[in-house]
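The values are calculated or read from the model by the stated rules, or taken from the named source; none is laboratory data. It should be emphasised that the depicted structure is a prediction, and the values quoted were computed from it without experimental measurement. Don't worry about glycine lacking a Cβ; one is built from the backbone with ideal geometry, like all the others, and counts go over all protein chains shown. Please note that ligands, DNA and RNA were not included when accessible areas were found on the heavy atoms of the full protein model with its side chains. Shrake-Rupley method; radii C 1.70, N 1.55, O 1.52, S 1.80 Å.
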2 protein chains.
Amino acid sequence: MRPSRPAVHPVEAPPPQTQGENADAAPVGVRMKDTQGGPGTPGGLGLRLVQVFFAAASLAAMASTNDFPSVTAFCYLVAAVILQCLWSLSLAIVDIYALLVKCSLRNLRAACIFSIGDLITGTLTLGAACASAGITVLIGNDLEMCAHNHCASFMTATAMAFISWFALAPSFVLNFWSVASRL
Amino acid sequence: MRPSRPAVHPVEAPPPQTQGENADAAPVGVRMKDTQGGPGTPGGLGLRLVQVFFAAASLAAMASTNDFPSVTAFCYLVAAVILQCLWSLSLAIVDIYALLVKCSLRNLRAACIFSIGDLITGTLTLGAACASAGITVLIGNDLEMCAHNHCASFMTATAMAFISWFALAPSFVLNFWSVASRL
């Protein structure tokens, strides 16, 4: 009688447990994809330049009238678009620098600062644009006093501020998104 | 000769491969932490009720004046706070239902719908509040015509709309955060 051999079951070594963890750990560093429109990308630079252009156009349209200081909301609009212009211009310069030296701006702290700044300037610009729109409509439609006022300039300034805000919104959403998906 | 028994090596079942995946997949379901203030929590319900209360207070203050329809921005404020009131009230009812039946509202589709709705109503309410504030300041400070107008009511309505918007902002941020950290 031949003794039966102990059965050898070639148990496949289970793939190391850490592999699964690494596969999930890797995306933590890579997670911030190079989204067009985010900081440090040509799309992001384009958005910033659009913001600067329309904020400057709004400022120019409002400053071309001589009676804007008599209305508080128009002074507020001027202050808000100046702030918007400076903020977007500085971020455009940062973007140009990052594109030239091919340095990545997709780190958490930068995204955090950018999204908070975008949120503040965006809220101020939207508020100022809405206040100016309210007064422009009041002067133009409700009181019908456009003959004595620079309605066209007020409307242009308001519209430019709105367009600047619309260009700011994607920048904010992309920055906030990358902060939220990172934490 | 006693035949040797086939050796039985009690091979421990390797931890099923899926466990690693599950351990990583589990957070996908659990990832949305039960953040106070999010949908389906007492904090979230409280925020919604604050929004409803102040939107209704703004509507009441504006409706108490008889001349608000003559100003477009005030009509827009009334429309925006009615929308805000309805939206927050429906979400408060959903929250109450979720708290009563202990059902979780932390799924992706719900968070997506809530954050888009919050974004739209929040932008409308902020815009309307800013427009009304611009006009109230114009009437009160720039033209000094408060003697012939209901400045107090206009200011109250504007302030209540702003408070309603401030209560809406955390709801939006929490919902958007949970969508972004989920995708």
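Go through segment B:41-77 and give me each residue that's open to solvent by less than 20 Å² (accessible area, probe 1.4 Å) and free of Cβ contacts under 8 Å to residues at least 40 places away in the same chain.
None; the set is empty.
Name the single residue, out of those in segment A:150-166 being surrounded by 21 or more Cβ atoms within 10 Å (Cβ to Cβ) and among the aliphatic types (A, V, I, L, M), that is farthest from the other protein chains (Cβ to nearest Cβ).
The qualifying residue farthest from the other protein chains (Cβ to nearest Cβ) is A:Met160.
Look at B:Leu183 and say whether it is under 15 Å from the mean Cα position of the chain (by Cα), open to solvent by 40 Å² or more (accessible area, probe 1.4 Å) and at pLDDT below 90.
no
State all residues of segment B:84-114 that are exposed (fewer than 14 other Cβ atoms within 10 Å of the Cβ) and closer than 26 Å to B:Thr158 by Cβ; if no residue qualifies, say none.
Answer for segment B:84-114, where residues must be exposed (fewer than 14 other Cβ atoms within 10 Å of the Cβ) and closer than 26 Å to B:Thr158 by Cβ: B:Leu86, B:Ser90.
Run down B:Gly117, B:Gly140 and say which single residue is open to solvent by less than 70 Å² (accessible area, probe 1.4 Å), part of a helix (DSSP H, G or I), at pLDDT 90 or above and at negative phi.
Matching residue, one of B:Gly117, B:Gly140: B:Gly117.
Read through the list (1) within 14 Å of another protein chain (Cβ to nearest Cβ); (2) within 28 Å of A:Phe176 (Cα to Cα); (3) not hydroxyl-bearing (Ser, Thr, Tyr), then give the number of the only condition that B:Leu105 fails.
For B:Leu105, the exception is condition (1).
Can you name the residue in segment B:133-149 that is facing chain A (nearest Cβ under 7 Å) and touching a residue at least 24 places away in the same chain (Cβ under 8 Å) and, of all such residues, is nearest to the chain's Cα centre (by Cα)?
Step by step, filter segment B:133-149, then rank; the result is B:Ala133.
What is the number of the single condition among (1) touching a residue at least 40 places away in the same chain (Cβ under 8 Å); (2) among the hydrophobic types (A, V, I, L, M, F, W, C); (3) within 14 Å of B:Pro39 (Cβ to Cβ); (4) surrounded by 14 or more Cβ atoms within 10 Å (Cβ to Cβ) that B:Val81 does not meet?
Only one criterion is unmet by B:Val81, namely (3).
Before we move on, is B:Leu100 over 13 Å from the mean Cα position of the chain (by Cα), modelled with pLDDT of 95 or more and more than 15 Å from B:Ala61 (Cβ to Cβ)?
No: the conditions fail for B:Leu100.
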